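A.B. asks: Have a look at this one.
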Ligand SMILES: NC(=O)c1ccc[n+]([C@@H]2O[C@H](COP(=O)([O-])OP(=O)(O)OC[C@H]3O[C@@H](n4cnc5c(N)ncnc54)[C@H](O)[C@@H]3O)[C@@H](O)[C@H]2O)c1
């Protein structure tokens, strides 16, 4: 029996994500929460002939608590997406409070659930959730994840495009590490399961890295004011949620890049900190998932000098983003 909860379920990501979760037969209960429209979304999805029992909740009558009670996995795509001209800072100002309040609800009603944070800026919203949990005395670093899967999905797609064969996309794996915005996104293309063509120029490599780092901008621009990535994000979020569920059920050997608190695996976390040369509290790394969430944080392994430079550029920005999330909760009244 698996109860999945989507917070922000009526939104651009929330609706297709909820649809994909409803089509996953391992989910037996699907609970949808938003400040608007969840009864309609829930009624619609409830007609699909899959096992999950669907219910929609709104804020009145303790809706958040009811949605969360008994949750095994909570996915958070609530908040405002980026519009053209909007900075990550603008986004932070709006989404930080939304994520804080939802985290407070989870800490009270479902403190043992796996929490998957999609709301941007992930580099800061994950520390926000963790700090709220710490204040509530229920923090378990193994169970809180920043969803960076879209970066991984984009890397697979863009590499297969370079290789001239999109049918390879589902098989191409590229570890994407660091964080989840701009220069903090570091694709380790030298470790791609399918190597780039021999003679691939440095200029083309730079372009490919840039496309993976700023893939979100392509979508924001193309949607021209109508939002950011929603469908690809829903796909990526559902994919990562499924990995968490499979690992929780005991499936071994599932490894996925995700942004976690490095205390989740002290040994792996310390080794990673040594590699990146800084005592960061959070980093996205390939993580082996287990029944309790994070089982092992893998190190970066062999990387090129170019990739080492990308990490060097990512680290100070990540440190600032983490600090921003932490100090937001320090100065918040909970
Ligand atoms: N992690 C990633 O890779 C990634 C990718 C794309 C977008 N995002 C982020 O995901 C978030 C959602 O994007 P979207 O395109 O779905 O936006 P959207 O505006 O379409 O949907 C957001 C939903 O959140 C709801 N919401 C707002 N405040 C809420 C609250 N307090 N409680 C519950 N629900 C609330 C809104 O009513 C809306 O339905 C944004 O922060 C966006 O930046 C993350």
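A.B. asks: Any chance you could give the angle, 0 to 90 degrees and rounded to 10, that helix 88-109 forms with the longest Cα principal axis of the chain?
C.D. replies: The angle comes out near 50 degrees.
A.B. asks: Next question, about the same structure. Fewest Cβ neighbours within 10 Å first, please rank 154, 88 accordingly.
C.D. replies: 88, 154
A.B. asks: How large is Rg/Rh for segment 135-290, to two decimals, with Cα atoms and a Kirkwood Rh?
C.D. replies: Ratio of gyration radius to Kirkwood radius for segment 135-290: 0.98.
A.B. asks: Do you know the relative contact order of the chain, to the nearest whole percent, from alpha carbon pairs under 8 angstrom that are 6+ apart?
C.D. replies: 17
A.B. asks: Would you mind pulling out the separation of the Cα centroids of segment 182-255 and segment 53-131, in Å?
C.D. replies: Computed from Cα coordinates, the inter-centre distance equals 22 Å.
A.B. asks: Report, to the nearest 10°, how far helix 305-330 tilts away from the longest principal axis of the Cα atoms in the chain, using its own Cα long axis and a range of 0 to 90°.
C.D. replies: Here the helix axis deviates by roughly 30 degrees.
A.B. asks: Taking only C-alpha pairs under 8 Å that are 6+ residues apart, what is the relative contact order of segment 3-146 in percent?
C.D. replies: Relative contact order of segment 3-146: 21 percent.
A.B. asks: Which three extents, in angstrom, do the Cα atoms of segment 107-179 have along their principal axes, listed largest first?
C.D. replies: 51, 20, 16
A.B. asks: Continuing with this model, one more query. To check you understand DSSP bridge types, tell me what percent of the beta bridges within the chain (both residues inside) are antiparallel, rounded to 5.
C.D. replies: 45
A.B. asks: Let me ask something additional. Take 75, 254 and order them by how many other Cβ atoms sit within 10 Å, fewest up front.
C.D. replies: Placing the least packed residue first, the sequence is 254, 75.
A.B. asks: Which order do the peptides 205-213, 180-188 come out in when sorted by mean C-beta neighbours inside 10 angstrom, highest first?
C.D. replies: The peptides rank, most packed first, as 180-188, 205-213.
A.B. asks: Angle between the Cα long axis of helix 202-213 and the longest principal axis of the chain, 0 to 90 degrees, nearest 10?
C.D. replies: The angle comes out near 10 degrees.
A.B. asks: Using the Cα atoms as the points, what is the convex hull volume per residue of the chain in Å³?
C.D. replies: In the chain, the Cα convex hull volume per residue is 131 Å³.
Where a number appears in this text, it was derived from the coordinates with a stated rule and is not lab data. Since the model is a prediction, treat every value here as computed from it, not as a measurement. Every residue, glycine as well, gets a Cβ built from its backbone with ideal geometry; the counts of neighbours run over all protein chains shown.
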